[in-house]
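Nothing in this text is a laboratory measurement; each read-out follows from the coordinates by a stated rule. The structure presented is a predicted model; accordingly, all values stated were derived computationally and were not measured. Methodologically, a virtual Cβ is constructed for each residue, glycine included, from the backbone with ideal geometry; neighbour enumeration extends over all protein chains shown.
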Amino acid sequence: MSSGMGILLRVLVAAGLAVDAWVHWRFAPDMAPGPNAPGGTIAGDDLFRAQAIVAVVAAVLVLAWASRWTYAFAFVVAASAAGAVVLYYYVDVGRLGPIPAMHDPSWYADKTISLAGEVVAALAAAVGFLTAGAGRRERSADPVH
């Protein structure tokens with residue numbers, strides 16, 4: 001893989017995860033549990049803040065060390081967030097263990113922005129995972145080098 005393509009993939013992953021983090025951090029206060037929230041659940045605002053922090057960590061890791069493992073981590077972070085937003089839009093799954101019921105059948109611009117960032121990051125991370133180290137493998141198989 002060319003260095004230009006590698007840089008582009010890293011930037012796409014990091015930018016998509018940055019968008020995801022920004023939207024989750026911004027909406028975290030809106031996800032705080034109400035006074036009648038059931039006990040034994042993780043607060044929605046804590047989940048949103050955790051998602052934002054993990055997205056930032058994944059973005060920094062990919063920018064600093066673009067390896068198969070950092071791309072895999074970024075893919076899991078981005079794809080799980082994208083999957084969650086779509087799942088909770090279409091399905092009222094209720095409470096899942098300590099995760100509170102988060103069904104939100106409304107769609108708005110920030111949800112679209114978040115989903116777009118997550119999808120871009122997931123796709124770029126998948127390509128990065130599949131191509132990371134390809135240049136090293138090609139060079140090591142070439143008897144001239």
With Cα atoms, 0 to 90° folded angle of helix 3-27 axis to the chain main axis: 10
Amide N proximity, region 1-40 versus Ala116 label position 7 Å along Cα-to-Cβ, cut-off under 13 Å: 16, 19-20
Fluctuation leader among Ser80, Ser114, Ser106 - the chain, Gaussian network, Cα springs under 10 angstrom: Ser106
Listed values [x] -0.27, -0.33, -0.99; [y] -0.33, -0.40, -0.89; [z] -0.50, -0.56, -0.90, entry calculated as log10 I(q)/I(0) by the Debye sum over Cα atoms at q = 0.09, 0.10, 0.17 Å⁻¹: [y]
Overall form of region 40-120 per C-alpha gyration tensor (a/c, 1.5; a/b vs b/c): prolate
Average Cα contact separation per residue, the chain, under 8 Å, 6 or more apart, as relative contact order %: 35
